[in-house]
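Student: My questions all concern the structure below.
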Amino acid sequence: MKLLPQLFHSSLGKKYIMAITGLGMLAFAAVHLAGNLRLFLGPEVLNSYAHGLHRAEESLWMIRVCLLVLIGLHVSMAVVLTHENRAARPILYERSRLPGASHASRTMIWSGLMVAVFVAYHLLHHSAKAQVSLTGHDFAAFRTTLADGTACHDVFRMVVAGFSQPVVSGFYIVGVGLLSHHLSHGIEAAFQSLGLRNRAWDAAVRRLASGAAWLLFVGYASIPVAVLCGYGREALQ
Amino acid sequence: MPIDAHIPSGPLERKWERHKSDLELVHPRNKRKYDVLVVGSGLSGAAAAATLAELGYRVKCFCFQDSARRAHSIAAQGGINAAKNCCNDGDSVSRLFRDTIKGGDFRSREANVYRLAQISVDIIDQCVAQGVPFAREYGGLLQNRSFGGAQVSRTFYARGQTGQQLLLGAYQALSRQISLGNARMFSRTEMLDLVVIDGQAKGIVVRDLVSGEIASHAGDAVVLATGGYANMFYLSTNAKGCNATAAWRAYRRGAFFANPCFTQIHPTCIPVGGEHQSKLTLMSESLRNDGRVWVPRRREDCAKAPGSIPEEDRDYYLERKYPSFGNLAPRDIASRATKEVCDAGRGVGPGGLGVYLDFGDAIRQMGIETMRERYGNLFEMYERIRGENAYEVPMRMYPAMHYTMGGLWVDYHLMSNLPGLFVIGEANFSDHGANRLGASGLMQGLADGYFILPYTIGHYFASGRPSKTPADHPGFAAAEAGVKARLARLLSVQGKRTVTSFHRELGRLLWNDCGMTRSEAGLREALGRIPELRAEFWGDVRVSGSGGEMNADLERANQVADYLELSELVCRDALMRGESCGGHFRTESVTEDGEARRDDAQFAFVAAWECRGADREPMLHKEPLVYEEARMSTRSYR
Amino acid sequence: MHLSLRVWRQKSASAPGRFETYEARHVSPDMSLLEALDGVNEDLIASGGDPIAFDSDCREGICGACSVVIDGIPHGSRHGTTACQLHLRHFRDGATITLEPWRARPFPLIKDLVVDRHAFDRIIEAGGYVSVKTGGAPDGNAIPIPKTNVDRAMDAAVCIGCGACVAACKNASAMLFVASKVSHLSLLPQGRVERERRVLAMVRAMDDAGFGGCTVTGSCEAVCPKNIRIDVIARMNREYGRALLKGGSPELAL
């Protein structure tokens, strides 16, 4: 029996793919957060980090391609599975109670799709630097010089400028909130789908899942909150 | 007319071994030519169907449930006996044999019982190989507990769900044969008649319970594994669907019915709650390993809370009367002792129909966790039904109809007097005599299905070389027409009373006159009333719906119509057997201290009844019971 | 007490269905819900109506025949209880109770509250067994089995095949049922011999039958009358991955 066809054909195989791609994206989100948090170390650290990333353009593209593959697989499997799962119950109950099912677990497809929309917007916002109209700034024009004299894009200023708009910050916080909601179930489910769970580890996996989801939320949300509270305003002067 | 059980000659302990090697064989290639119809998919039926299919016969298996896995064997809680002597407490094949013979009050066939005890050992091994998760010790070896009627621990168990695990083992073995194409399963299909051609069983008529379609199946042998007839009493521990129709139709077609009055009343069941009650629930005999049965010493204490009655005011009547077996006295004896104290006005609960089963001492000694591990699911079940926590207050128990030792007569080969008709499990009469010991029912079902029938059925094919009957033989059409006419008649009465009201009335009548104690006057009264009730039934029953659809009311009506005939035979047999033995207690036949008095001089025989038509009295055939090894003694558990 | 029962009525799979309300008067709190249905049926039969078809057999919570969704929850809201063991004392006097059949594509409706659960049998036929013949089995004590393994196997083996897990799951997934059997047999040395083929074949049969996938909502374990927990599903997922990596095949080489 061929491994790949089996993976893509069976419901368990599709769940493996969901779990592995999900955990892959989770790893990306964690690394990404670690990068973002450099904001709190000041403009010099953040900007040289961003500049360093852009200099390694080939690896960056590889990561982007990997990420796109992960997203593509995750979303397509999710859509296929949702379709199959709906087909398994053509007639709905008049009263449906879904005992024991958490809100996050019932709404994975919706929280997932909304996160996808958010991610698309987010990429446009920062990576494609297309936020001129909303903030009144031309992000591409934000330039700065690092301590060693290199000229580079002023990411620090861009972030502060973006998040100074309460609408942008609010949208961002809602977005990472949805992501965490998705992950609060997703991480646990990924462990379950990969079979990495038993009675002894059950409580630990649950705690790990909700802990990781909260950590990501607090970490990501701290940036717009700090900016709204006035952090880094001097960069805009 | 004496009847021949075809018991092989030779010393008891070598009969089966020697006989097995003398049985004629069917060549593996030729087995594909034989069709076997197995009716019922409980322990014996599923085991037989799986094993026969493995051997190469073409098997069709039928059950009325929606899946073979739901047969009522699944509800057996306590365990299965086997003489493996795992506890080093002196058990052996001959001791299991003696316990079973004595437990059955010397009314079972010695050679059959010895064979059962011998086979018991293989059953456990077979089940373990199938993946049955029997309880184990920390060292990884099989664990045992003790059960009623024995002084050794020889009962293997899987929590309180032994029957379930054994049945699933057999069901899985059958499922494997179905997937291999060797067996076909017909679920939601009920057998309504046996087709007998030239004196041989050649097929069955069935009704598809979904479409209502009547069809027949031809076979070279028919195996009935259809369970007992305890539901005749309306309230029993059997499942709602258990019925006697297949066995009764076989009787009407000429198969002898043996010892119908040997019915078992289980001492520890949850008492009747009210008129609405649809069935009774048994609490496993294994509970009496640690639970102590008692009633207040004084009648005026009966209404008090059990906890407020001090130790010295309690009567642990089983321990008092039967010191050597105590709470694990056999079922018939424990049930009667319970009836006795309740009749004396010392019963507890509504109507004074109950006794306490108390775990207080055991919990104090071994702790609540040990109790939970041993009986957790039973305590939960009790709480669901009664709404009481048995870890805190004692359970209330009362005897209830549970099992029928009587059944279709079979010889040593488990074949009835009709060639080609085999009867296994509870449906036959063979091994338990007048009383079955706890944990022996599962043993017999699996012994018959796995290890006896597969040998003897081959012998029937090889030695008798039964002629092939084509499926278009007019005998099938005639039997189908008979079934259709009967169902049409049931539907056409359109009277005023429901089927259940007749069934309930019959049950009450039998419980009172042919239950735990039986008297000549009561039995005669019942024999007068049953034909009247039958006439009322056929004149005034109301069955809803039509025959061409799923119709539970029609199924039930057809079954109750058969109970109304079978019950008469049961009472007739009880009246004929003017002795007390096992579950059959005649008030006229007691010793001075009120215990059962058996009469070996007159009644040491199997009563096999032959049907001679609906309007003639059945004819009694006697198969004498000869004991070469066991010594007939007064059964004492004191 | 008095209850109103809103029951799904449907003559056959192809006929249209609807809810009808029946009054269960003078019922006792000690009755089970199915006994209340018995009473309604008795009244219906006596008055020339069509009794409600529902599956039920042992009435002691072990055969797995009964299958009613009670107010949106399979077997009702009592934990670890089948419908036949659900007593009226758990309902409010005067309450209206909605009864629906199991709803899942692999469980086609037969009549009223009765559905066809053959899909479960087919899954077991695909591999839910140990391939041993009768006779010739080694002594039951030949292979010692750690007590914890047997206990865990038993925790899974108690499945009664009622299908409540499917009925409760928002995806009509049969994972808890299939995983119970896979776990039971893979925890015992006797069942380990063919563990790869078993899990691959049973999962394939499950998917072919049209059950949905598992999204780990936990509804199945919430309604399981035998309290089987979803860690059996994790075990099956592990077994499945193991079988895939070892290059196992669901086919039976004959």
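Student: Where does each of C:235-243, C:214-222 land if you order them by average Cβ count within 10 Å, highest first? Could you put the intermediate results ahead of the total?
Tutor: Numbers: C:235-243: 22.6, C:214-222: 25.0.
Sorting C:235-243, C:214-222 by mean packing, highest first, produces C:214-222, C:235-243.
Student: Using all alpha carbons of the range B:406-544, what is the percent of pairwise distances in each 5 Å bin, ordered from the shortest bin to the longest?
Tutor: 2, 8, 11, 11, 12, 14, 16, 13, 10, 3, 0
Student: Distance cut-off 31 Å, Cα to Cα: go down the list B:LYS84/C:LYS133; B:LYS484/C:LYS181; B:LYS496/C:LYS111; B:LYS15/C:LYS147 and report the pairs above it. Working shown, then result.
Tutor: Values: B:LYS84/C:LYS133 21 Å; B:LYS484/C:LYS181 41 Å; B:LYS496/C:LYS111 26 Å; B:LYS15/C:LYS147 39 Å.
Violating the 31 Å limit, Cα to Cα: B:LYS484/C:LYS181; B:LYS15/C:LYS147.
Student: OK, next. Measure nothing but the geometry: give the 0 to 90° angle between the long axis through the Cα atoms of B:520-540 and the longest principal axis through the Cα atoms of chain B, rounded to 10°.
Tutor: 50 degrees
Student: Check which residues have an amide H placed less than 5 Å from B:PHE422's amide H, if you skip close sequence neighbours.
Tutor: When sequence neighbours closer than 5 places are left aside, the close amide H contacts are B:VAL222, B:VAL223, B:LEU224, B:SER416.
Student: When the Kirkwood radius is taken over all Cα pairs of the range B:23-115, what Stokes-Einstein diffusion coefficient follows at 37 °C and 0.692 mPa s, in µm²/s? Please list the in-between numbers first.
Tutor: Working: Rh = 16.3 Å.
My calculation gives 201 µm²/s for D.
Student: Right, next: Using only alpha-carbon positions, what ratio does the radius of gyration of the range B:240-360 give when scaled by 2.2 N^0.38 Å? Provide the component values of the computation, followed by the final result.
Tutor: Details: Rg = 17.7 Å, N = 121, 2.2 N^0.38 = 13.6 Å.
My calculation over the Cα atoms of the range B:240-360 gives 1.30.
Student: What average count of beta carbons from other chains do you get within 10 Å of the Cβ of residues in B:541-551? Numbers along the way, then the final one.
Tutor: Details: counts 0, 4, 1, 9, 5, 0, 0, 0, 5, 7, 4.
Counting other chains' Cβ atoms within 10 Å and averaging over B:541-551 gives 3.
Student: I'd like the Karplus ³J(HN,Hα) series for the range B:292-305: coefficients 6.51, -1.76, 1.60, θ = phi - 60°, whole numbers in Hz, and an x wherever there's a Gly or Pro.
Tutor: For the range B:292-305, the Karplus-derived couplings read 10, 8, 8, 9, x, 5, 10, 4, 6, 7, 4, 7, 6, 5 Hz, x marking Gly and Pro.
Student: How big is the equivalent ellipsoid of chain C along its three axes, where each semi-axis is √(5λ) from the Cα gyration tensor, reported in whole Å from largest to smallest?
Tutor: Ellipsoid semi-axes (Å, largest first): 38, 19, 16.
Student: Can I ask one more? Name the residue from B:LEU408, B:VAL205, B:ALA5 whose Cα lies farthest towards the positive end of the charge dipole of chain B, charges +1 on Cβ of Lys and Arg and -1 on Cβ of Asp and Glu.
Tutor: Highest projection toward the positive end goes to B:VAL205.
Student: What value, in deg cm²/dmol to 500, does the helix sum -39500 (n - 2.57) over DSSP H runs of n ≥ 4 give at 222 nm once divided by the residues of the protein assembly as shown?
Tutor: On the way: 37 runs with 481 residues, N = 1129.
Rounded to the nearest 500, it is -13500 deg cm²/dmol.
Student: Related question: What percent do you get for the relative contact order of chain A when only Cα pairs under 8 Å and 6+ apart count? Spell out each step's value before the answer.
Tutor: Values: 207 pairs, mean separation 63.0, N = 237.
Normalised by residue count, the contact order of chain A is 27 percent.
Student: State to the nearest 20 debye the size of the charge dipole of chain C about its Cα centre, where the only charges are +1 on K and R beta carbons and -1 on D and E beta carbons. List each step's numbers first, then the result.
Tutor: On the way: 30 positive and 29 negative charges, 204 e Å.
That gives a dipole near 980 debye.
Student: Using a 10 Å cut-off around each Cβ of peptide C:166-177, what is the average number of partner chain Cβ atoms that fall inside? It would help to have the intermediate numbers written out before the result.
Tutor: Numbers: counts 2, 2, 7, 5, 10, 9, 6, 5, 2, 3, 0, 0.
Average per residue, whole number: 4.
Student: Run through the DSSP bridge list for chain B and note the antiparallel percent, rounded to the nearest 5.
Tutor: On the way: 46 of 66 bridges.
In chain B, DSSP labels about 70 percent of beta bridges as antiparallel.
Student: I've got another one for you. Order by neighbour count: B:THR404, A:THR107, fewest other Cβ atoms within 10 Å first, most last. Kindly include the intermediate steps, with their values, before the conclusion.
Tutor: Details: B:THR404 30, A:THR107 16.
Least to most surrounded, the residues fall as A:THR107, B:THR404.
Student: With +1 on each Lys and Arg Cβ and -1 on each Asp and Glu Cβ, how big is the dipole of chain B about its Cα centre, in debye rounded to the nearest 20? All intermediate terms of the calculation are to be shown ahead of the outcome.
Tutor: Values: 79 positive and 76 negative charges, 179 e Å.
Computed charge dipole of chain B: roughly 860 debye.
Student: Please list the three semi-axes, largest first and in whole Å, of the ellipsoid equivalent to the range B:315-443, using sqrt of 5 times the eigenvalues of its alpha carbon gyration tensor.
Tutor: On the way: eigenvalues 241, 70, 43 Å².
So the three semi-axes of the range B:315-443 are 35, 19, 15 Å.
Student: Still on this structure, I have one more. Sequence gap at least 6, Cα distance under 8 Å: using those rules, report the relative contact order of the range C:3-110 to the nearest whole percent. Don't skip to the end; give the middle numbers.
Tutor: Details: 173 pairs, mean separation 34.6, N = 108.
In percent, rounded to a whole number, it is 32.
Student: Here is a follow-up. Regarding chain A, what's the average projected area of the Cα-atom convex hull, expressed in nm²?
Tutor: Projected over every direction and averaged, the Cα hull of chain A covers 16.8 nm².
Student: I need the peptides C:76-88, B:476-488 ranked by packing, meaning the mean over residues of other C-beta atoms within 10 angstrom, with the highest value on top. It would help to have the intermediate numbers written out before the result.
Tutor: Values: C:76-88: 22.1, B:476-488: 16.2.
Peptide ranking by packing, descending: C:76-88, B:476-488.
Student: Follow-up question, since we're still on this one. Sequence-distant or interchain residues sharing an amide H contact under 5 Å with B:ALA258, placed H: which?
Tutor: Under 5 Å from the amide H of B:ALA258: B:GLY407, B:LEU408, B:TRP409, B:TRP609.
Student: Further question: Can you spot the aspartates and glutamates whose alpha carbon is less than 15 Å from B:LYS240's alpha carbon? Ignore those fewer than 8 places along the same chain.
Tutor: Counting by Cα, and skipping residues close in sequence, B:LYS240 has these aspartates and glutamates nearby: B:ASP66, B:GLU190, B:ASP553, B:GLU555, C:GLU35, C:ASP38, C:ASP55, C:ASP57, C:GLU60.
Student: Something else: For a protection proxy built on the mean count of beta-carbon atoms within 10 angstrom, sort C:42-53, B:558-569, B:46-57, A:144-155 highest first, please.
Tutor: Values: C:42-53: 16.5, B:558-569: 21.8, B:46-57: 28.4, A:144-155: 13.8.
Sorting C:42-53, B:558-569, B:46-57, A:144-155 by mean packing, highest first, produces B:46-57, B:558-569, C:42-53, A:144-155.
Student: Treat the count of other C-beta atoms within 10 Å as a stand-in for reagent exposure and order B:MET381, B:MET366, A:MET62 from fewest to most. Kindly include the intermediate steps, with their values, before the conclusion.
Tutor: On the way: B:MET381 24, B:MET366 14, A:MET62 11.
With the fewest neighbours first, B:MET381, B:MET366, A:MET62 line up as A:MET62, B:MET366, B:MET381.
Student: Provide the per-residue ³J(HN,Hα) series for the range A:140-148, in order, calculated from phi with Karplus coefficients 6.51, -1.76, 1.60 and θ = phi - 60°, each as a whole number of Hz, with x at glycine and proline positions.
Tutor: So the J values, rounded to whole Hz, are 5, 7, 6, 10, 8, 10, 6, 4, 7.
Student: Can I ask one more? Sequence-distant or interchain residues sharing an amide H contact under 5 Å with C:GLY212, placed H: which?
Tutor: Answer set, sorted by chain and number: C:SER173, C:ALA174.
Student: Here's a follow-up. Along the range C:119-136, what does the Karplus equation 6.51 cos²θ - 1.76 cosθ + 1.60 (θ = phi - 60°) give for ³J(HN,Hα), rounded to whole Hz, x for Gly and Pro?
Tutor: Going residue by residue, I get 3, 5, 4, 5, 5, 5, 4, 5, x, x, 7, 9, 7, 10, 8, 6, x, x Hz, with x marking Gly and Pro.
Student: With an 8 Å cut-off on Cα pairs and a minimum separation of 6 or more residues, tell me the relative contact order of chain B in percent.
Tutor: Numbers: 1407 pairs, mean separation 130.0, N = 638.
With pairs under 8 Å counted, the relative contact order is 20 percent.
Student: Roughly speaking, what % of Cα-Cα pairs in the protein assembly as shown are separated by over 53 Å, rounded to a whole number? Walk me through the intermediate numbers first.
Tutor: On the way: 170060 of 636756 pairs.
Here the long-distance tail beyond 53 Å is 27 percent of all Cα pairs in the protein assembly as shown.
Student: If you don't mind, another one. How many angstrom lie between the Cα centre of the range B:80-120 and the Cα centre of the range B:1-34?
Tutor: After rounding, the separation between the Cα centres reads 21 Å.
Student: Which semi-axis lengths, in whole Å and largest first, follow from the square roots of five times the eigenvalues of the Cα gyration tensor of the range C:3-110? Walk me through the numbers before you get to the answer.
Tutor: Values: eigenvalues 80, 66, 34 Å².
Ellipsoid half-lengths, sorted descending, are 20, 18, 13 Å.
Student: Quote the charge dipole size of the range C:118-245 about the Cα centre in Debye, to the nearest 20; the model charges only the Cβ of Lys and Arg (+1) and of Asp and Glu (-1). Display every interim value, and only then the final one.
Tutor: Values: 16 positive and 12 negative charges, 36 e Å.
Here the range C:118-245 has a charge dipole of around 180 debye.
Student: Fewest to most neighbouring Cβ within 10 Å: what's the order for B:THR245, B:THR263, B:THR370, B:THR226?
Tutor: Working: B:THR245 22, B:THR263 30, B:THR370 13, B:THR226 35.
Placing the least packed residue first, the sequence is B:THR370, B:THR245, B:THR263, B:THR226.
Student: Among B:VAL293, B:GLY582, B:ILE80, flag the residue with its Cα farthest along the positive direction of the charge dipole of chain B, charges on Cβ as +1 for Lys/Arg and -1 for Asp/Glu.
Tutor: Sorting the options by dipole projection puts first B:ILE80.
Student: Of A:ARG64, A:ARG157, A:ARG86, which is the most mobile in a GNM of chain A whose springs link Cα atoms less than 10 angstrom apart?
Tutor: Between A:ARG64, A:ARG157, A:ARG86, it is A:ARG86 that shows the largest mean-square fluctuation.
Just so you know, all these numbers are worked out from the coordinates, no wet-lab data involved. Quick caveat, the model's predicted, so the values are computed rather than measured. Note that each Cβ is placed from the backbone with ideal geometry, even for glycine, and that neighbours are counted across all protein chains shown.
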